[in-house]
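Take a look at the structure below.
Every number in this text was worked out from the coordinates using simple rules, so none of it is lab data. Small disclaimer: the values here were computed from a predicted structure and weren't measured. Here the Cβ is made from the backbone with ideal geometry for all residues, glycine too, and neighbour counts use every protein chain on show.
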Amino acid sequence: MAEIKFGTSGWRGILCEDFTFNNVKTVVQAIAETVKTSGEQEKGIVISCDTRFMGQKFVEAAATVLAGAGIKSFVCERDTPTPVISYEILRRGAAGAINFTASHNPPEYNGVKFSPSWGGPALPETTGEIERLANAMTGTESYRELQFERAVECGLIEIINPRNSYLEALEDKVDFDVIKKLGKIALNPLYGTARGYLDEPLRTHGASYSIINNHLDPYFGGQPPEPSESHIPDFITLVKNDPEIKLGIATDGDADRFGILDADGSYIEPNYIIALLLDYLIRIRKLEGGVARSVATSHLIDAVAKKHGVAVYETPVGFKYIGELICQDKLVIGGEESAGLTIKGHIPEKDGILACFLVAEMAAREGKSIRELLERLYGEVGRFITRRDNLKLSPELETAYKYKINELPKEIAGTKVTDIIKVDGTKLLLADGSWMLFRKSGTEPVVRLYGEAGNEARLAEVMTAGRNFILG
């Protein structure tokens with residue numbers, strides 16, 4: 001068994017290689033012991049999955065291990081969005097949730113994500129303990145199981161459907177009557193868990209929509225279930241070719257990430273959506289509080305925050321850190337460049353469904369396209385353009401990287417380095433307001449290079465300088 005290692009959103013592996021029933025049961029046993037240590041085991045644990053191969057079988061296996069440990073499971077009757085699971089933890093007052101998902105990863109992957117009783121992704125101190133316990137139990141089969149039907153009879157497994165409770169909660173956070181006025185909306189759940197979540201509220205409120213990729217497909221149509229521009233060509237074509245469509249909204253495989261297409265089919269970067277919604281929620285909704293963004297996310301958000309006089313919290317990559325701030329009621333909105341966000345009074349977890357509907361509400365109420373709203377915002381706070389590249393390292397470059405990153409230049413891309421931020425990776429702030437960030441992957445020989453500047457030409461200079469620094 002390969003070493004169990006939890007990343008920013010749980011432990012992930014390739015099916016039938018390291019992601020096996022034996023290994024999964026070991027991890028679940030480690031989670032059970034961690035929950036018992038917290039003293040919350042009597043509250044029970046929600047279990048669900050996304051639409052990947054064998055998802056429901058992994059759910060059943062987890063429930064039998066928890067039952068063997070004397071912990072009750074609330075088993076979702078079908079694949080369930082990650083934000084719905086988070087909401088159900090809080091609504092039910094559960095000890096947490098085990099979610100079998102690999103989010104936007106390709107279909108050969110699956111994963112285990114644990115969320116504790118506060119509803120957000122587990123923090124490093126929790127996942128570290130789960131890792132320690134699981135790795136210590138490797139090969140020992142130290143878990144006990146209670147047969148599924150027997151556990152149901154004993155009251156240790158309860159089958160639930162959290163859909164209606166979550167959709168009712170959305171009614172308090174989204175103005176669907178305003179959305180109805182927008183016109184036709186294109187929907188794309190990408191064969192994932194948002195089936196019946198993106199379309200049902202619009203149908204109930206009589207809004208006009210068309211939907212594609214709305215059936216279960218563990219292969220996700222041959223693409224990773226990520227609503228980024230390169231993975232949704234069919235959706236872009238649909239929106240471009242239908243003049244009635246005013247907006248395209250999409251979610252990833254577990255519905256915690258969002259993808260937005262403007263009326264002309266152009267893809268709008270998540271960075272810009274977070275900034276637009278921050279402005280909208282403060283200016284129109286009159287919400288109070290600051291904004292949190294990961295270290296890799298656009299400083300357009302900072303400019304909007306400055307416009308409204310609110311605080312900015314810069315966090316490491318990983319939504320758990322933003323979720324903590326949501327729990328502390330410090331934020332209007334928190335978001336990451338990787339297309340995750342949540343808002344004040346909502347769950348401490350990414351919610352792609354809510355994000356999509358908030359964008360639709362904003363577009364309907366403002367009476368403008370997303371691009372028009374963005375240009376208006378640029379006129380008020382300045383232009384920000386962001387990019388990310390993955391730089392593959394040879395063995396020699398990987399060895400050299402740790403030395404390079406500790407011997408940083410005082411000037412790069414022809415501009416003085418004014419500050420160095422090491423919240424997560426190494427971020428260089430430059431005198432002209434541009435910046436670059438280097439983040440080394442923990443699983444492969446890759447450095448992720450992020451950059452931002454005020455125009456395309458300057459951004460090209462920044463990215464070239466960053467690339468040359470790492471690869472030169």
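At-a-glance table
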read-out: Proximal lysines relative to Lys43, as straight alpha-carbon distance under 16 Å, when same-chain residues fewer than 8 apart are discounted; value: Lys72
read-out: Dipole magnitude (debye, nearest 20) for the chain, charges at Cβ of Lys, Arg, Asp, Glu; value: 760 debye
read-out: Normalised per residue, the volume of the convex hull around the Cα set of region 385-471 (Å³); value: 84 Å³
read-out: Gyration tensor verdict on the chain (Cα atoms; rounded if a/c is under 1.5, prolate if a/b is larger than b/c, oblate otherwise); value: oblate
read-out: Region 11-162 shape via C-alpha gyration tensor axes, a/c threshold 1.5; value: rounded
read-out: Cα-based Lys proximity count in region 385-471, under 13 Å, for pairs eight or more positions apart or on separate chains; value: 6
read-out: Formal net charge of residues neighbouring Arg132 (Cβ-Cβ distance under 12 Å; K, R +1; D, E -1); value: -4
read-out: Net charge contributed by nearby residues that have their C-beta within less than 11 Å of Thr34 (K/R +1, D/E -1); value: -3
read-out: Region 370-399 versus region 201-215: alpha-carbon centroid distance in Å; value: 32 Å
read-out: Residues Val152, Val295, sorted so that the one with the fewest Cβ neighbours within 10 Å comes first; value: Val152, Val295
read-out: Interchain or long-range residues, amide H under 5 Å from Val317's placed H; value: Val295
read-out: Residues whose placed amide H lies under 5 Å from that of Leu331, excluding near-sequence neighbours; value: Gly290
read-out: Exposure proxy order (Cβ contacts within 10 Å, fewest to most) of Cys356, Cys76, Cys16, Cys327; value: Cys16, Cys327, Cys76, Cys356
read-out: Residue-by-residue Karplus 3J(HN,Hα) for region 77-90, coefficients 6.51, -1.76, 1.60, Hz, glycine and proline x; value: 6, 8, 3, 9, x, 3, x, 5, 4, 4, 4, 5, 4, 5
read-out: Modelled FRET efficiency - R0 35 Å, Ile284 with His215, Cβ distances, 0.05 increments; value: 0.45
read-out: Integer Hz, Karplus 6.51/-1.76/1.60 couplings in order for region 172-188, x for Gly and Pro; value: 7, 10, 10, 8, 6, 5, 5, 4, 4, 7, 5, x, 6, 10, 8, 10, 8
read-out: Centroid-to-centroid separation of region 170-186 and region 319-353 [C-alpha atoms, Å]; value: 21 Å
read-out: Ascending count of other beta-carbon atoms within 10 Å, so fewest first, for Ile260, Ile14; value: Ile14, Ile260
read-out: Derived scalar couplings ³J(HN,Hα) [region 206-216; Karplus, 6.51 cos²θ - 1.76 cosθ + 1.60; whole Hz; x for Gly, Pro]; value: x, 7, 8, 7, 10, 9, 10, 6, 9, 10, 6
read-out: Formal net charge of residues neighbouring Gly466 (Cβ-Cβ distance under 12 Å; K, R +1; D, E -1); value: +4
read-out: Shape call, region 342-446: gyration tensor on alpha carbons, a/c limit 1.5; value: prolate
read-out: Residue among Ile343, Cys356, Ala32 farthest towards the positive dipole end of the chain, charges placed on Cβ; value: Ile343
